[in-house]
Amino acid sequence: MRITVFHNSNAKSVHVAANLAAKLRQQGFSVVKDNPDIVITVGGDGTLLSAFHEYAHMLDKVRFVGVHTGHLGFYTDWRDYELDELVESLRHDDNQKISYPLLDVGVRYADDNSTVHYLALNEATLKRFPATMVTDVYISDELFESFRGDGLCVSTPTGSTAYNKSVGGAVLNPQLEAIQLAEIASINNRVFRTLGSAIVISKDEWIDVYPEPRAMDYEMTVDRFAPKQRPIKAIRYRIAKERISFARYRHMHFWNRVEDAFIGEKQH
């Protein structure tokens, strides 16, 4: 089995990653950078996001495992002091996995009418600075609303606990095949009206946004990354054909993760 150990620059993560790589080599695994079967990330959810984008071109071949060196994350099942148990689980690997939906972001640029596709594990946003963003929002080719406000956030179920939650979106179980659209500081008065709440889109639907054509100062993000700023003609959001797979040797219930991350110790 070919394994990549992918880590952030934190001193603790660097140390843990080196220790893990040594343990893997001792057990006969090939520790590689290219064409891995499994990518083990050491750090946190942000580290796993970076690894996802690094290996997004081979999602049909690779599985991910997360080791966290800080707080419990939504993508990280193992603690830094459980390396021996992780290596033992890898020794008995039988290709088990759990997969989750991703977001396909198809951007049609106005400067050359080309369409570029991006994959998001968590979310994609569209904002305009410093002016109000104005854009028409269509759902499955039907006009839904004319949005005015700071921006829009479209998230996956696994990304629903990230930026989406902070702007008032719902938390979705990642077993659902759906995407969510949440408004960011929408303007609602006698003249301009939006729904004002997040909406969940089924796997057979899609969302199109058409930014105001005269404005060229829109900023788009895909997860933690911002593609080079170019004039945007339209963006289509839909569930991607690709999925991300995790090698889950043990699995913490999703709602237990939510409770642990946002509520903490229960009061009895």
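Could you list all residues from the stretch 114-161 that are charged (D, E, K, R) and assigned to a loop (DSSP other than H, G, I, E, B)?
Within the stretch 114-161, 141 is the sole residue that qualifies.
Of everything in the stretch 211-225 that's among the aliphatic types (A, V, I, L, M) and assigned to a loop (DSSP other than H, G, I, E, B), which residue is nearest to residue 50 (Cα to Cα)?
Filtering the stretch 211-225 for residues that are among the aliphatic types (A, V, I, L, M) and assigned to a loop (DSSP other than H, G, I, E, B), the one nearest to residue 50 (Cα to Cα) comes out as 216.
For residue 182, which of the numbered conditions (1) surrounded by fewer than 16 Cβ atoms within 10 Å (Cβ to Cβ); (2) at negative phi fails to hold?
Of the numbered conditions (1) surrounded by fewer than 16 Cβ atoms within 10 Å (Cβ to Cβ); (2) at negative phi, the odd one out for residue 182 is (1).
Can you find a residue in the stretch 239-255 that is over 30 Å from residue 40 (Cβ atoms), modelled with pLDDT of 85 or more, touching a Leu at 6+ places or on another chain (Cβ under 8 Å) and not acidic (Asp, Glu)?
The answer is no, given that none of the residues of the stretch 239-255 is over 30 Å from residue 40 (Cβ atoms), modelled with pLDDT of 85 or more, touching a Leu at 6+ places or on another chain (Cβ under 8 Å) and not acidic (Asp, Glu).
Among the candidates 84, 112, 104, which residue alone is touching a Phe, Trp or Tyr at 6+ places or on another chain (Cβ under 8 Å) and acidic (Asp, Glu)?
The unique qualifying residue is 104.
Report yes if residue 107 is outside the structural domain of residue 220 (by TED's automatic domain parsing) and of a type in the set (Val, Ile, Thr), otherwise no. Working first, answer last.
On the way: outside the structural domain of residue 220 (by TED's automatic domain parsing): no; of a type in the set (Val, Ile, Thr): yes.
So residue 107 does not fit the description; no.
Residues 155, 146: which one is crowded, with 23+ Cβ neighbours inside 10 Å and free of Cβ contacts under 8 Å to residues at least 60 places away in the same chain?
155
Name the single residue that is surrounded by the fewest Cβ atoms within 10 Å (Cβ to Cβ) among those in the stretch 189-210 being in a loop (DSSP other than H, G, I, E, B) and aromatic (Phe, Trp, Tyr).
Going through the qualifying residues, I end up with 192.
I'm trying to understand the selection: among the residues of the stretch 163-173, which are surrounded by 21 or more Cβ atoms within 10 Å (Cβ to Cβ) and either part of a loop (DSSP other than H, G, I, E, B) or touching a Phe, Trp or Tyr at 6+ places or on another chain (Cβ under 7 Å) (or both)?
Result: 169, 172.
Give, as residue ranges, the helices (runs of 4 or more DSSP H) completely inside the stretch 1-113 that count at least 1 residues that are acidic (Asp, Glu), without any contact (Cβ under 8 Å) to a residue 40 or more places away in the chain and surrounded by fewer than 21 Cβ atoms within 10 Å (Cβ to Cβ).
Qualifying helices (runs of 4 or more DSSP H): 83-91.
The values are calculated or read from the model by the stated rules, or taken from the named source; none is laboratory data. Quantities reported herein were computed from a predicted structural model and do not represent experimental measurements. Cβ atoms come from the backbone with ideal geometry, glycine included; neighbour counts cover every protein chain shown.
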